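Here's the structure we're looking at; comments come further down.
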Amino acid sequence: MNYSKLFLSGAFILLCISCKTSDDATTEPIVNTELTLTSVIDNYTFDQPIGIENAGDGSGRIFIVEKEGIIKVANLQLQDVNTFLNISQVVNASNEMGLLGLAFHPDYVSNGYFYVNYNTADNLTRISRFSVSNDNVNLANANSEVILLEFPQNDTNHNGGQLSFGTDGYLYISSGDGGGGNQESAQDLSTLAGAILRIDVNNSSNGLNYSIPVDNPFVNEPSARGEIFAYGLRNPWRMSFDEQTGKLWAGDVGAGDWEEIDIIESGANYGWPIYEASNCNGFFGSCDTMGLTLPVFEYPHDNGNHSITGGFVYRGSLNPSLVGKYVYADLSGKIWCLDVNSLENTLLFDTELYITTFGLDSNKELFLSDFFSGQIYKFEQAEM
Ligand SMILES: [Ca+2]
Ligand SMILES: [Ca+2]
């Protein structure tokens, strides 16, 4: 068993930064028979982009999360990019750590709140709220931080990182097993590792800057952390809600052999480290699947595939062929779509990109980021 596979191998990043720089970034459209990937900002290179979000404000802007601790805001119509927030001085971006997640409050237009997930110098995961400035929509107030939640990371890998608001208004947080051989923590409900967490950011209780929803599944178990919504996950790096069905789709990065896609449900145990996808690891000396929820889809490590980047169920209008399909990628550069009803999986692109995230604009159109070239691409219909 190999538990040491990294989502973003530090050695690999160092190696490839020296061999592929922004100077040779490919911004030519990538085309298949139906679809095109087009770079959306001319003459601009983001620094290690790992998040793409929108503020739900109808402005047409997208927000790009840079791993070192900066959020950029891009107006695609004006081809204008500004620094929205720079917290790089407090972000620990070693190995897989960094500024890993961003989510805008559902009422952002009225309250100006947004939330970030980052790692600190003392190896915590920290979830904080910031506010937009009063007089500039393209600038956050860097002094507005309110810390909501912190928990330790065993090592610099497997930090999860996604923040997403559900249709229930609660903030969902993806948490990896912590790394460093800490995989059993994913089955330990007394830690926040290896889990999807759910908190209520609109209320506070017990001296916290948030509260725990009363219908979270483990609130009545004295030894369990009430924030846990689901568990048994290894490194659910990216997850997203299908806003039409309300289902929460997660790509859980595998260890040695398998990558998996899960639909996250309240109280469910996704099996890690007893199972990697639907393959038994024998961890804890058991292969019993009783009480475990297996993936809705999985793929093996062949043809260079090695680390899933979870995507979105497409509900936009520009690409009819993708509607109702979960679009996701592997760090090998392949992009697939999975029909959410038939589970038919189709290869869309086999690219040279190192795809770290997908994201939507406020029109539900789909974007992705290429980590090394720093380009953001948009899915569009190919012009044949
Ligand atoms: Ca970690
Ligand atoms: Ca699993």
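Some values worked out for this structure:
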{"quantity": "Pairs with Cβ under 6 Å, 6+ apart, first in region 244-268 and within 26 Å of His306 (Cβ to Cβ) and charged (D, E, K, R), second within 16 Å of ligand 1 (Cβ to nearest atom) and open to solvent by less than 10 Å² (accessible area, probe 1.4 Å)", "calculated": "Asp252/Leu233; Asp252/Arg234; Asp252/Pro236; Glu260/Asp252; Asp262/Asp252"}
{"quantity": "Strands (runs of 3 or more DSSP E) contained in region 271-335 and holding at least 1 residues more than 16 Å from ligand 1 (Cβ to nearest atom) and of a type in the set (Val, Ile, Thr)", "calculated": "308-313, 325-330"}
{"quantity": "Subset of region 231-275 (residues that are more than 10 Å from ligand 2 (Cβ to nearest atom), in contact with a Gly (Cβ under 7 Å, 6 or more places away or on another chain) and more than 21 Å from Thr357 (Cβ to Cβ))", "calculated": "Tyr231"}
{"quantity": "Restricting region 276-293 to residues that are within 11 Å of ligand 2 (Cβ to nearest atom) and in contact (Cβ under 8 Å) with a residue 24 or more places away in the chain, the residue that is surrounded by the most Cβ atoms within 10 Å (Cβ to Cβ)", "calculated": "Glu276"}
{"quantity": "Any hit, region 333-341, residues being open to solvent by less than 10 Å² (accessible area, probe 1.4 Å) and in contact with a helix residue (DSSP H, G or I) (Cβ under 7 Å, 6 or more places away or on another chain)", "calculated": "yes"}
{"quantity": "Residue within region 367-383 that is closer than 17 Å to Asn32 by Cα and in a loop (DSSP other than H, G, I, E, B) present", "calculated": "yes"}
{"quantity": "Cβ-Cβ under 7 Å pairs, at least 6 apart or on other chains, region 139-154 side within 16 Å of ligand 1 (Cβ to nearest atom), far side open to solvent by less than 70 Å² (accessible area, probe 1.4 Å) and of a type in the set (A, V, I, L, M)", "calculated": "Leu149/Ile127; Leu149/Ile199; Glu150/Leu124; Phe151/Leu124; Phe151/Leu192; Pro152/Leu124; Gln153/Leu124"}
{"quantity": "Flag if Ile355 is within 14 Å of ligand 2 (Cβ to nearest atom) and β-branched (Val, Ile, Thr)", "calculated": "no"}
{"quantity": "Matching residues, region 133-186, being more than 26 Å from Gly112 (Cβ to Cβ) and β-branched (Val, Ile, Thr)", "calculated": "Thr156"}
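The values are calculated or read from the model by the stated rules, or taken from the named source; none is laboratory data. Computed from a predicted structure; not experimentally measured. Virtual Cβ from ideal backbone geometry, glycine too; neighbours counted across all protein chains shown. These area figures cover heavy atoms from the full protein model, side chains too; ligands, DNA and RNA do not enter into them. Shrake-Rupley method; radii C 1.70, N 1.55, O 1.52, S 1.80 Å.
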